[in-house]
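Q: Below are the structure tokens for one structure; questions will follow.
The values are calculated or read from the model by the stated rules, or taken from the named source; none is laboratory data. Source: prediction; values computed, not measured. Every residue, glycine among them, receives a Cβ derived from its backbone with ideal geometry; neighbour counts consider all protein chains shown. Keep in mind that these areas ignore ligands, DNA and RNA; they rest on the heavy atoms of the full protein, side chains included. Shrake-Rupley method; radii C 1.70, N 1.55, O 1.52, S 1.80 Å.
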Amino acid sequence: MLFLKKYKMKQHFPIFDKNSIQSFIPQYPPMTMVDKLLDYTETCVIAGLTINEENIFVQNRRFSEAGLVEHMAQTIALHKGYFYYLNDKPAPMGYIGSIKNIVINKLPNVNQSIETKAEVIQEFMDVTLVRLETFLDQELIAFGEMKTVLAK
């Protein structure tokens, strides 16, 4: 990744390198809930996570609702953090401002991989409203909207 940064080369997706992903978000293990950057545009990101047994949100070999919501929030953080990376700035700290109509239809098990698509609906100053969809093997398992706020 240092090579890419030094020479300002266009990044190719997907990105699976955990050190790179870690540099795009402000969260650190054991709170890291994204491990792949699958695609990125200015208004959309697709992030992934493979659920492992050691994940702090795993209970009875199943990823919890709280873990799924945190994964969705970190997908938004990954979008913002990658934008900052492209502009040679460190990943910003942010907070969930509100959660609207999150529906969770299914929880993934250990060793399964989820993908979340976050689409920016509206952005004003340091507040971003995002539509989220989480998939498990092409099946939509969760969706909703979240508003995040960058910390000053």
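Q: Quick one: how many Å² of Met31 are accessible to a 1.4 Å probe, rounded to 10?
A: Near enough 70 Å² of accessible area.
Q: Moving to a separate point now. So, in the stretch 20-152, how many Lys pairs have Cα atoms under 14 Å apart, if the pair is 8 or more places apart or on different chains?
A: Lysine pairs meeting both conditions in the stretch 20-152 amount to 5.
Q: If you count only protein heavy atoms with a 1.4 Å probe, what accessible area per residue comes out for the chain, rounded to a whole Å²?
A: 57
Q: Taking all protein chains in place and a 1.4 Å probe, what share, in percent, of the accessible surface of the stretch 18-95 do carbon and sulfur account for?
A: For the stretch 18-95, the apolar C and S fraction of the accessible surface comes to 54 percent.
Q: If you find the alpha carbon centre of the stretch 36-95 and of the stretch 98-138, how far apart are they in angstrom?
A: Using only Cα atoms to place each centre, the spacing works out to 9 Å.
Q: How do Lys152, Lys36, Lys106 rank by accessible surface area computed with a 1.4 Å probe, from largest to smallest?
A: Sorted by accessible area, descending: Lys152, Lys106, Lys36.
Q: Where in the stretch 109-130 does the amide nitrogen come within less than 18 Å of the point 7 Å from the Cα of Glu139, taken along Cα to Cβ?
A: Under cut-off, by backbone N: 109-117.
Q: Given axes a ≥ b ≥ c from the Cα gyration tensor, I'd like to know whether the stretch 84-152 is rounded (a/c under 1.5), prolate (a/b larger than b/c) or oblate.
A: prolate
Q: Here is a further query. Mean-square fluctuation check for the chain, GNM, Cα pairs under 10 Å: which of Thr32, Thr128, Thr41 is largest?
A: For the chain, modelled as a Gaussian network with Cα springs under 10 Å, the answer is Thr41.
Q: Then there's this: Using the scaling law 2.2 N^0.38 Å as the reference, what is the normalised Cα Rg of the stretch 6-66?
A: Its radius of gyration relative to the 2.2 N^0.38 Å reference: 1.29.
Q: Next question, about the same structure. Enter the angle in degrees (range 0 to 90, nearest 10) between the Cα long axis of helix 65-86 and the first principal axis of the Cα atoms of the chain, meaning the one along which they spread out most.
A: The helix 65-86 is inclined about 10 degrees to the chain.
Q: Hey, of [x] 27; [y] 21; [z] 16, which did the structure itself give for percent of Cα pairs over 26 Å apart when calculated?
A: Checked against the structure: label [y].
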